[in-house]
Amino acid sequence: MPARLPDFPELLRRAAAARDAIPPRARLGLAALASLLVATLILVAVFDWNWLRGPLAAAASARLGRPVAIEGNLDVHPWSLRPRAEIHDLRIGQPDWARGDMARVDRLALQVELPPLLLGRVVMPYVEIQRPDVTLLRLADGRANWSFGGGRGGAKLPAIRRFIIDEGRL
């Protein structure tokens, strides 16, 4: 004869007994942790990523040693093990000795893999640059506008699996 499933009131009694077995401070801690997780998920879902345009541009400017501006929207799609970001109307200025912009990009889209990132490695499965307009300059004294960071050595580039340049101009 098959085993009989407990009725609903019996299930409620068992659940209450299991809940009461957890100390009140631990229940409060678990409730706080669950609330924090839910609040974080809601914040990420409704967050206006354009608020980060200024701080991201400032960080890139400091890293490259020249002005960087994000003049369009910043779209982030974080709900994946490969979150995606799109930067619209990106502008990278020339070094102090040159005028104008070194690069203007209509759209930069990229993805990053989270598991390797948590281990300290940056792996980008997808990078797409739409309609870049890049001006490269080299002076007679050897200075070139594609040398970034004041000549402190080359930067370590991330692994990029698929790199697309669409309608570029050099």
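The values are calculated or read from the model by the stated rules, or taken from the named source; none is laboratory data. Remember, predicted model here, so these are calculated numbers, not experimental data. Neighbour counts are summed over all protein chains in view; Cβ atoms, including those assigned to glycine, are modelled from backbone coordinates with ideal geometry. We work out accessible area using only protein heavy atoms, side chains counted, and drop any ligands, DNA or RNA first. Shrake-Rupley method; radii C 1.70, N 1.55, O 1.52, S 1.80 Å.
Can you name the residue in segment 123-170 that is among the small types (Gly, Ala, Ser), assigned to a loop (DSSP other than H, G, I, E, B) and closer than 23 Å to Glu86 by Cβ and is also modelled with the highest pLDDT among such residues? Checking each candidate, the answer is Gly168.
Restricting segment 117-133 to residues that are of a type in the set (A, V, I, L, M) and in contact with a Phe, Trp or Tyr (Cβ under 9 Å, 6 or more places away or on another chain), the residue that is nearest to Asp96 (Cα to Cα) is Ile129. Whether any residue in segment 113-122 is in a strand (DSSP E or B) and loosely packed, with under 15 Cβ neighbours inside 10 Å is what I want to check. No, segment 113-122 contains no residue that is in a strand (DSSP E or B) and loosely packed, with under 15 Cβ neighbours inside 10 Å. Residues in segment 25-44 that are at pLDDT below 80 and open to solvent by 70 Å² or more (accessible area, probe 1.4 Å): Arg27, Leu43. Looking at Gly54, Gly65, Gly72, just one residue is small (Gly, Ala, Ser), closer than 30 Å to Phe148 by Cα and in contact (Cβ under 8 Å) with a residue 40 or more places away in the chain, and that residue is Gly65.
Of the strands (runs of 3 or more DSSP E) that lie entirely inside segment 44-108, those containing 2 or more residues that are within 17 Å of Leu170 (Cα to Cα) span 84-93.
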